[in-house]
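Notes to accompany the following structure.
Read the figures in this text as sums done on the coordinates, not as results from a lab. Because the structure is a prediction, the values reported are computed rather than measured. FYI the Cβ positions are ideal-geometry reconstructions off the backbone, even for glycines, and counts take in every protein chain you see.
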Amino acid sequence: MIAAGIALLALTACSGKEPAAGSGFVAGDGSLVVIDEAQRQPAPDITGTTLDGKPFSLAALRGKVAVLNVWASWCAPCRAEAPVLEKTWQAQQGNDVQFVGLDTRDSDTSALAFIRKFGITYPNVIDRDGALQLRFSGTLPPQAIPSTLVVDTEGKVAARALGKVSESTLLGMIEAARKTSVSTGD
């Protein structure tokens, strides 16, 4: 019963319709939040297993900008943004940026089919029950499927987009996360 309720909430969020009152889950409305460097909070140390069976730790990405995309194979906006994410990832790989998918409320079979269909080459972490997403509740939580979080090089949450993202939005979020104080010695 609880699992069915969670699935219904997730589907409602993905569909763009308003969720039930008090659900704590909102529809992806395309909103973008960029946090000023002085106001950023540390990202939680997300650990898990990727769909190809490898261990993952967000803390291991310190020194790079991390782009975390929350998605599910059954989500239409996720399917629509997948080519944009892969294209942007391909263009940013050599620039100290790491994309990571956070596959939520999905089966491994469906998730792997999604990855094959869209040619996704960045790692994707399994988050079957949404517990990894909830770890961001003290910072800037992903409140819809899809959601994209960007963590700066110091491991702090720098930006969030709710809903499908464009290449220009992704690049702007990455650039904002790169802007950290640099001591000039003055």
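Please report the net charge: other residues with Cβ closer than 13 Å to the Cβ of L134, K and R +1, D and E -1. Please list the in-between numbers first.
Numbers: positive: R105, R128, R135; negative: D127, D129.
Neighbourhood net charge equals +1.
What does the net charge come to around T109 if you take all other residues with beta carbon closer than 13 Å to its beta carbon, with K and R at +1 and D and E at -1?
Taking every Cβ under 13 Å from that of T109, the sum is 0.
Which entries of K54/K164; K64/K164; K87/K179; K117/K179 have Cα-Cα distances beyond 25 Å here? List each step's numbers first, then the result.
On the way: K54/K164 27 Å; K64/K164 23 Å; K87/K179 23 Å; K117/K179 35 Å.
In this structure, K54/K164; K117/K179 lie more than 25 Å apart at Cα.
Calculate, for D52 and S31, the FRET efficiency according to 1/(1 + (r/R0)^6) with r their C-beta to C-beta distance and R0 25 Å; round to the nearest 0.05. If you can, show how the numbers build up before the last one.
Working: r = 32 Å, r/R0 = 1.29.
So, using R0 = 25 Å, E works out to roughly 0.20.
For G155, which sequence-distant residues (separation of 5 or more, or a different chain) have an amide H within less than 5 Å of its own amide H, given hydrogens modelled in the peptide plane?
G63
When Lys and Arg each count +1 and Asp and Glu each count -1, what net charge do the other residues less than 12 Å away from N69, Cβ to Cβ, add up to? Write out the running numbers ahead of the final one.
Numbers: positive: R160, K164; negative: E81, E86, D103, D127.
Residues close to N69 contribute a combined charge of -2.
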